[in-house]
Amino acid sequence: AMDVLLAFGALMMRAGNTATRTREWIGVTARKLGFEAISISLSLDSITASVRRSGECVTAVREIGPPGINVWRIAELEQLAKATVSTPNEIAQRLEDIELAQPLYSSAQIAAAVGVASAAFAFLNGAAAPEMIAAAIGAGIGQGFRTWLSRHHINQYGTAALSAIAASAIYVLAAALARRAGIGFLH
């Protein structure tokens, strides 16, 4: 039951849920598993839980793994916590199904969406069409690079830094090429 509880919490954190909500849903799941008391400690890369049941106390730690954002997965985990499923084996099987489910969107679709969102933010900050296009290209390629780095298990801080540098460099390159082609930037 403790392994299932830690797996639930790790999967929820890896899906991008907040620590507060993860702690709340772990508490709900712990009560279903028959634990009388629970103490949770969450960090960026691990989860520690101490539980008590029938006078016996157990403490365990589990690595979370590389983080991401998967709202579908968070919703599925919350539904699991609300469901009437109560045995550790049933919960473990459902956790495995959730973890193995294919993402709803491909990496290319996500990169394109990030590019469009960045172009929209550029527009909201007063940018004209050339700046918006450069922002979209830079952000889309930066997101694609972030995905590639994550798949190769590069440290998440390094991934964030390298992706930001790549996105900025692509933006500057796009701006320089546009300027060379005679398209002026307002900013």
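What the table below lists for this structure:
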quantity	calculated
Pick from the range 75-93, criterion part of a loop (DSSP other than H, G, I, E, B) and free of Cβ contacts under 8 Å to residues at least 24 places away in the same chain, ranking: nearest to VAL4 (Cα to Cα)	THR87
Those residues of the range 145-169 which are of a type in the set (Ser, Thr, Tyr) and surrounded by 14 or more Cβ atoms within 10 Å (Cβ to Cβ), in sequence order	THR147, SER150, THR159, SER163
2 or more residues open to solvent by 30 Å² or more (accessible area, probe 1.4 Å) and hydrophobic (A, V, I, L, M, F, W, C): qualifying strands (runs of 3 or more DSSP E) within the range 1-74	37-42, 56-63
Subset of the range 94-112 (residues that are more than 30 Å from LYS32 (Cβ to Cβ), part of a helix (DSSP H, G or I) and either in contact (Cβ under 8 Å) with a residue 40 or more places away in the chain or of a type in the set (Ser, Thr, Tyr) (or both))	SER107
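One line per residue, one yes/no per condition, for (1) assigned to a helix (DSSP H, G or I); (2) buried (at least 17 other Cβ atoms within 10 Å of the Cβ); (3) more than 17 Å from the chain's Cα centre (by Cα):
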site	(1), (2), (3)
VAL114	yes, yes, no
ALA117	yes, no, yes
ALA120	yes, no, yes
ALA127	no, yes, yes
ALA134	yes, yes, yes
ALA139	yes, yes, yes
GLN143	yes, yes, no
ALA176	yes, no, yes
GLY184	no, no, yes
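The values are calculated or read from the model by the stated rules, or taken from the named source; none is laboratory data. Source: prediction; values computed, not measured. Note that each Cβ is placed from the backbone with ideal geometry, even for glycine, and that neighbours are counted across all protein chains shown. For the accessible areas, the whole protein counts, side chains as well, though only heavy atoms, and no ligand, DNA or RNA atoms are used. Shrake-Rupley method; radii C 1.70, N 1.55, O 1.52, S 1.80 Å.
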